[in-house]
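Everything on this sheet refers to the single structure shown next.
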Amino acid sequence: MKTLKVLFNTALIMGLFALSAFASEGAAAGGNYKWAIYLAAGLGIGIAAFGTGLGQGRAVGSAVEGISRNPSASGKIMTSMIVGLAMIESLAIYALVICLILLFVVK
């Protein structure tokens, strides 16, 4: 329950920062907002890498534990783990693509 509170508060704080960034009129008045794009790209890929690293570590740890409990099922466990790791890694690649779009396309 404590983790849920921390996640909710973090999302709330990030949402408040996003609202203030979109509410500013600096871009319409010719202000310099490139720093915000660089910050968003850096934070985006950093959070994505952190989350996928945790997910991959947990998946591999659970797979090793399952194989140690039942060595005869190692083939099925390994196949499921590899597919799961590919799905987790695709999320990190998607975040990287979004960050690269932010850096090179958004002006």
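The values are calculated or read from the model by the stated rules, or taken from the named source; none is laboratory data. The shown structure was predicted, so the numbers you read here are calculated from the model rather than taken from an experiment. So basically every Cβ, Gly included, is an ideal-geometry build from the backbone, and we count neighbours across all protein chains shown. Ligands, DNA and RNA are excluded from the accessible area calculation, which covers all protein heavy atoms including side chains. Shrake-Rupley method; radii C 1.70, N 1.55, O 1.52, S 1.80 Å.
Please tell me if residue 54 is modelled with pLDDT of 80 or more, in a helix (DSSP H, G or I) and at negative phi.
Working: modelled with pLDDT of 80 or more: yes; in a helix (DSSP H, G or I): yes; at negative phi: yes.
Taking the combined requirement at face value, the residue satisfies it.
Among the residues of region 65-73, is there at least one that is closer than 24 Å to residue 38 by Cα, open to solvent by 80 Å² or more (accessible area, probe 1.4 Å) and part of a helix (DSSP H, G or I)? Working first, answer last.
Restricting attention to region 65-73, the residues satisfying the condition of being closer than 24 Å to residue 38 by Cα are none.
Checked against the condition, which is being closer than 24 Å to residue 38 by Cα, open to solvent by 80 Å² or more (accessible area, probe 1.4 Å) and part of a helix (DSSP H, G or I), region 65-73 yields no hits at all.
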**OP:** Mind listing just one residue for me: the one in region 11-38 that is open to solvent by 90 Å² or more (accessible area, probe 1.4 Å) and within 18 Å of residue 95 (Cβ to Cβ) and, of those, modelled with the lowest pLDDT?
**Re:** 14
